[in-house]
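A short worksheet on the structure shown next.
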Amino acid sequence: MPHVKVLPGSDLQLSDPKPSQTGLYRCLDHHKARVVEYEIDFQDIALLHITHKDLGQEPMGNESVNLGGKVLVFTRWDPWQDCNRCQKPGERKRLGYCYVEEPLEKPIPCWLYLRAEKVTSNRLRPELQVQTCQGPCDTAPETSQPYFVFDTYQLDKPNNHARLKCPLASIYRPVHWEADDSPLTWQNQLSGQEISTIMDLHSGGQHLKVFQPATYRCFVEQELIAQFNPTPPAYLQGDERQPKAQEPWQSRIQPGKADSVLRGLKLMLLIVSILAVGGLLCKVVFRPVCGKKRNQVLLVK
């Protein structure tokens with residue numbers, strides 16, 4: 001199986017998992033007794049169906065599909081994420097996973113149900129739904145909140161655009177972008193109003209493609225995480241021009257705030273390596289719950 005590695009301590013790491021790696025992962029001890037097992041459904045994020053409630057767009061409905069017999073295909077929704085802004089109008093999103101239900105049987109995630117069977121159906125796909133929201137701030141904003149600043153000296157010359165990545169952001173967390181203090185919204189983009197920026201659907205807004213200079217800021221869970229300052233080649237004059245050998249993107253952390261940010265990054269990298277890519281834990285500490293089964297559904301590229 002590609003991109004599978006057993007780590008020290010008997011952790012199993014799946015790097016860049018694919019829908020084809022959906023299945024049952026079982027951990028056995030030295031006596032071949034089952035310690036724990038995970039039944040994981042990796043759903044293809046490239047098939048993601050996105051709708052915005054305030055544009056009148058409806059999610060996919062339940063559908064009867066012939067998969068070797070008539071079954072019901074439906075979406076099982078996660079709870080709504082928190083609003084990506086507070087005190088001001090914002091947006092929130094929720095993820096929905098594809099499930100199959102046979103008569104008198106429990107629902108099963110679609111790819112776990114299909115296994116290796118090749119089926120073509122436009123209904124077999126995960127979903128993302130967005131709606132506008134507004135609510136109070138839980139806590140007062142920090143006056144000296146740490147964040148990264150990325151200075152880019154020019155947009156990409158052939159295409160005249162830059163691709164920005166918000167640290168710590170993911171499709172599973174509330175993400176918000178601003179351009180020169182103006183909010184960038186899914187509602188505008190999905191209605192065709194945004195022409196100077198494109199938020200990446202499949203990353204839930206983690207990536208932003210920009211086509212003109214501005215000050216771009218990204219927020220994760222309502223906290224400022226990073227600021228980007230792209231400029232076109234015409235804006236670079238005199239001493240501002242950098243040697244060609246230097247990387248076009250420079251990053252820095254606000255003075256005196258590096259430790260806090262780096263701790264956050266290390267924590268998030270740990271979470272991503274163990275959970276988001278399907279890392280599995282199999283250690284002696286699980287002996288008290290020997291044989292326990294855990295189910296998980298994740299979105300992958």
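The values are calculated or read from the model by the stated rules, or taken from the named source; none is laboratory data. Nothing here was measured: the structure is a model prediction, and the numbers come from that model. FYI the Cβ positions are ideal-geometry reconstructions off the backbone, even for glycines, and counts take in every protein chain you see.
On the basis of being in contact with a helix residue (DSSP H, G or I) (Cβ under 7 Å, 6 or more places away or on another chain), among the hydroxyl-bearing types (Ser, Thr, Tyr) and either modelled with pLDDT of 90 or more or within 25 Å of Lys18 (Cα to Cα) (or both), does Thr132 make the cut? Yes, satisfied.
Could you check how many residues of the range 84-99 are within 18 Å of Leu201 (Cα to Cα), more than 18 Å from the chain's Cα centre (by Cα) and surrounded by fewer than 17 Cβ atoms within 10 Å (Cβ to Cβ)? Before you say what the answer is, go through the steps one by one.
Here is the first cut: in the range 84-99, the residues within 18 Å of Leu201 (Cα to Cα) are 84, 90-98.
From what's left, more than 18 Å from the chain's Cα centre (by Cα): 90.
Next, only the ones that are surrounded by fewer than 17 Cβ atoms within 10 Å (Cβ to Cβ) stay: none.
Number of matching residues: 0.
So Gly96 passes all but one of these: (1) in contact with a His (Cβ under 9 Å, 6 or more places away or on another chain); (2) in contact (Cβ under 8 Å) with a residue 60 or more places away in the chain; (3) assigned to a strand (DSSP E or B). Which condition number does it fail? Single failed check for Gly96: (2).
Could you check how many residues of the range 100-128 are in contact with a helix residue (DSSP H, G or I) (Cβ under 7 Å, 6 or more places away or on another chain) and either assigned to a loop (DSSP other than H, G, I, E, B) or surrounded by fewer than 17 Cβ atoms within 10 Å (Cβ to Cβ) (or both)? Of the residues in the range 100-128, 3 are in contact with a helix residue (DSSP H, G or I) (Cβ under 7 Å, 6 or more places away or on another chain) and either assigned to a loop (DSSP other than H, G, I, E, B) or surrounded by fewer than 17 Cβ atoms within 10 Å (Cβ to Cβ) (or both).
Of all the residues in the range 9-52, those that are touching an Asp or Glu at 6+ places or on another chain (Cβ under 7 Å) and among the hydroxyl-bearing types (Ser, Thr, Tyr) number 3.
Within the range 3-39, can you find the residues that are in a loop (DSSP other than H, G, I, E, B) and either free of Cβ contacts under 8 Å to residues at least 24 places away in the same chain or hydrophobic (A, V, I, L, M, F, W, C) (or both)? Give the derivation first.
To start, the set of residues in the range 3-39 that are in a loop (DSSP other than H, G, I, E, B) comprises 3, 7-11, 15-18, 22, 29-33.
Selection gives His3, Leu7, Pro8, His30, His31, Lys32, Ala33.
Inclusion of Gln81 among residues that are modelled with pLDDT of 95 or more, over 18 Å from the mean Cα position of the chain (by Cα) and either assigned to a loop (DSSP other than H, G, I, E, B) or closer than 23 Å to Gln296 by Cβ (or both) is not warranted. Look at (1) modelled with pLDDT of 85 or more; (2) more than 13 Å from Leu224 (Cα to Cα) and you find that Pro167 fails only one, number (2).
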